[in-house]
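Heads up, the thing below is written out as structure tokens.
Throughout, read-outs are computed from the coordinates displayed, never taken from laboratory work. None of the values given here were measured: they were computed from a predicted structure. Virtual Cβ from ideal backbone geometry, glycine too; neighbours counted across all protein chains shown.
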Ligand SMILES: [Zn+2]
């Protein structure tokens, strides 16, 4: 009789412990996901462009945000000296698969649009301009549908001065500026501090003064590892001898941060351009 009572008391204590542990684990899990309910939208031009910010895409996905990645073009002209891929439809199929692989490893939702690499620039005004207009319309539809809390895209430098990068960034800005968003949406441009660029030409072409890049987002080794693995998915675009360690070293050379410039609307009306 006594034995049974001790046994049942033990069971009760055990249940209490399990319940407390369950509560503790539950609250820890919740505490680890500070951005649950937030929506981040990253918009870039080509499959593999996302690697410029991929550590923080992995970070925000890990921290509970819903992260959507829009890749605008199909990358059909992405030939290089490392591989003998021919430009065209076959490369499009390859790069779509590579992009899917990279998005999955980062933990982000991929929206891969159908625009031609180089946005039909070679076809002149009549080829390019309708294509570019359609891009703005589709981006507008996506932003209105997803209602992100924050958007990240290319800045005016486009990282490498690539025309597609700069036009995608400008198109996202146009979508942003065309509406008075009833829900707060913040727009951020990716940027590189001029101080982190060694060559003088690079400073001019893509460097930005630190006073503009005031959003400095840190990431962890785990995020960086995910980014490195996802970059390897873009096999058709990379030097096969480049290792994940090389990527991590290159990416974090100036610290484990991604620098962003937040778009700021004017705070008041004015009737002159001069103070
Ligand atoms: Zn690109």
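When both segment 30-89 and segment 174-205 are represented by their alpha-carbon centers, they are found 17 Å apart. Relative to the longest principal axis of the Cα atoms of the chain, the long axis of helix 89-106 makes an angle of roughly 40 degrees.
Percent of C-alpha pairs per 5 Å bin in the chain, short distances first: 1, 5, 10, 14, 16, 15, 12, 7, 4, 3, 3, 2, 2, 2, 1, 1, 0, 0, 0. Given in Å, the Rg to one decimal and the Dmax to the nearest whole number for the Cα atoms of segment 162-216 are 13.9, 43. Against the chain, whose longest principal axis is taken from its Cα atoms, helix 2-31 shows a tilt of about 20°. Axis of helix 124-146 versus longest Cα principal axis of the chain: the two differ by about 20°, to the nearest ten degrees.
For the chain, what does -39500 (n - 2.57) per DSSP helix run (n ≥ 4), summed and divided by total residues, give at 222 nm, in deg cm²/dmol to the nearest 500?
Details: 9 runs with 126 residues, N = 275.
The helix contribution divided over the chain gives -15000 deg cm²/dmol.
Order the peptides 33-41, 114-122 from the highest to the lowest mean number of other Cβ atoms within 10 Å of their residues.
Numbers: 33-41: 15.9, 114-122: 17.4.
Sorting 33-41, 114-122 by mean packing, highest first, produces 114-122, 33-41.
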